[in-house]
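The values are calculated or read from the model by the stated rules, or taken from the named source; none is laboratory data. Everything numeric here is computed off the predicted structure, so don't read it as measured data. Cβ coordinates were reconstructed from backbone atoms using ideal geometry, including for glycine residues, and neighbour counts include every protein chain displayed. Heavy atoms of the whole protein, side chains included, go into the accessibility calculation; ligands, DNA and RNA do not. Shrake-Rupley method; radii C 1.70, N 1.55, O 1.52, S 1.80 Å.
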Amino acid sequence: MTTATVDLINPATEELVGTVELTSAEQTDAAIARAHAAFPAWRDVAPGDRARLLRRFADLVDRDIDRLAGLEVRNSGHTIGNARWEAGNVRDVLEYYAAAPERLSGRQIPVPGGVNITFKEPLGVVGVIAPWNFPMPIAGWGFAPALAAGNTVLLKPAELTPLTALRLGELAREAGIPDDVFQVLPGKGTVVGQRFVEHPLVRKVVFTGSTEVGRTVLAGCAAQVKPATLELGGKSANIVFADADLATAAASAPDGAFDNAGQDCCSRSRILVQRTVFDRFLELLEPAVTGFRVQDPTLATAQMGPLISAAHRDKVASYLPDGAPVAFRGSTPDGAGWWFAPTVLLPTSPTDRAVVEEIFGPVLVVLPFEDEADAIRLANDTRYGLAAYLWTRDLRRGHRVAAAVDAGMLWLNSHNVRDLRTPFGGVKASGLGREGGQHSLDFYTDSRIVHVALEDARVPRFGTEGA
């Protein structure tokens, strides 16, 4: 049998990084069987021992940060600064959830004739499908709480970006986590991911990716009556009112829209600016965009690297046909690499493709609005509802608009400040469920109830027999 492989190409140089074997459907089924067999022993590991293993895993990730970051730069084109943060985030998530095994307590509920006791029980085999845009942190948000709760985990990294996931698998084994408890299966979504969805021994699927694929995952899980957590696309609005600190809002806009080359579901890709300050905001935005440093991602000064692939660069470019309303653009390095200059568009219609579709690249649209009601209308005029951003000095307005915008997360006078303890997720076509803190542990456990009778079951509980 011929083994399928994938060549991994450095997005910044177009040079071969390596070749990785892709997991077949048969190999996936075998891995699922091993994870299922390993589950009872992992579930029964004493909470303190499981916590120590996760802390050891976190320590090894911390030791390995530079190596992990280097892999991500070569495999994904991330800037070295971002890649180091991403590896550190995996460490932090592991440390955070290492405290969970000893805190997964239930409740005691007094009932007539006895007491009900609840337990948090792990689900079993969990399949985590990670995307190519943030391979490390999004994988960690899935596997760390799942392992902490006592589940066995199968991690499928994106076909294009498996290197850091494979290294994390090696570190998990070095930490002492049994081989079959945490397995990394590089492969195609239509093969490995599909088996996660269809296989009856996989009890939960966690998927991050496009809304279109997410619908397929959800439909397949529904057929199995299997829970799924979905973190999908976004088209986040960045709303700037006339009373805002315009200089700060404009200066932060490129980082919010072009970080990771715009390959971010939370990207602030739609800026809505109150018409009375629209021209002034553009004046402030232009130098921030043209000065955004698109450089060799190995450089510490780089703010943005290349796109993930030539095919994705072509997709992003399709949003800039001849005659596109380009206001201004940044610059890119010469030579090899899948570079795309940061670009600002001024569409004349709110139904323009660039306004309504998730571009997933460094393309920003700026639209005017009249008043608060108009801003809310434009912000909600999308099928997505992941995040929103709001700039105003009026905190009462901030609360009103935050309550009215259809988004799972909203940042006021800031952008994308993520805390491990708070929920992360969207509404509408942006997904189902929340990750972070206790929310993740709830995703990876079921509540079991045990009734303990404290009275003879034959004794009537109400009134007096024969009365």
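Checking Thr301, Thr290, Thr216 one by one, the residue that is in contact with a strand residue (DSSP E or B) (Cβ under 7 Å, 6 or more places away or on another chain), at pLDDT 95 or above and open to solvent by 10 Å² or more (accessible area, probe 1.4 Å) is Thr290 and no other. When Ser252, Ser210, Ser236 are screened for being closer than 30 Å to Gln303 by Cα and open to solvent by less than 10 Å² (accessible area, probe 1.4 Å), only Ser236 passes. Within the stretch 335-346, identify whether any single residue is open to solvent by 20 Å² or more (accessible area, probe 1.4 Å), touching an Asp or Glu at 6+ places or on another chain (Cβ under 6 Å) and more than 16 Å from Val366 (Cα to Cα), and answer yes or no. Yes, some residue in the stretch 335-346 is open to solvent by 20 Å² or more (accessible area, probe 1.4 Å), touching an Asp or Glu at 6+ places or on another chain (Cβ under 6 Å) and more than 16 Å from Val366 (Cα to Cα). Restricting Leu155, Leu166, Leu71, Leu147 to those that are open to solvent by 20 Å² or more (accessible area, probe 1.4 Å), at pLDDT 95 or above and in contact with a strand residue (DSSP E or B) (Cβ under 7 Å, 6 or more places away or on another chain) reduces the list to Leu166. Looking at the stretch 274-290, is at least one residue in contact (Cβ under 8 Å) with a residue 12 or more places away in the chain and part of a loop (DSSP other than H, G, I, E, B)? Looking through the stretch 274-290, none of the residues is in contact (Cβ under 8 Å) with a residue 12 or more places away in the chain and part of a loop (DSSP other than H, G, I, E, B). Pro306 - would you say it is under 24 Å from Ile9 (Cβ atoms), touching a strand residue (DSSP E or B) at 6+ places or on another chain (Cβ under 9 Å) and either of a type in the set (Asp, Glu) or buried (at least 21 other Cβ atoms within 10 Å of the Cβ) (or both)? So Pro306 fits the description; yes. The single condition from (1) part of a helix (DSSP H, G or I); (2) surrounded by 15 or more Cβ atoms within 10 Å (Cβ to Cβ) that Val17 fails is (1). One residue alone among Ala228, Ala257 is touching a residue at least 60 places away in the same chain (Cβ under 8 Å), of a type in the set (Gly, Ala, Ser) and open to solvent by less than 10 Å² (accessible area, probe 1.4 Å), and that residue is Ala257. Checked against the criteria, Val111 does not count as of a type in the set (Val, Ile, Thr) and buried (at least 17 other Cβ atoms within 10 Å of the Cβ).
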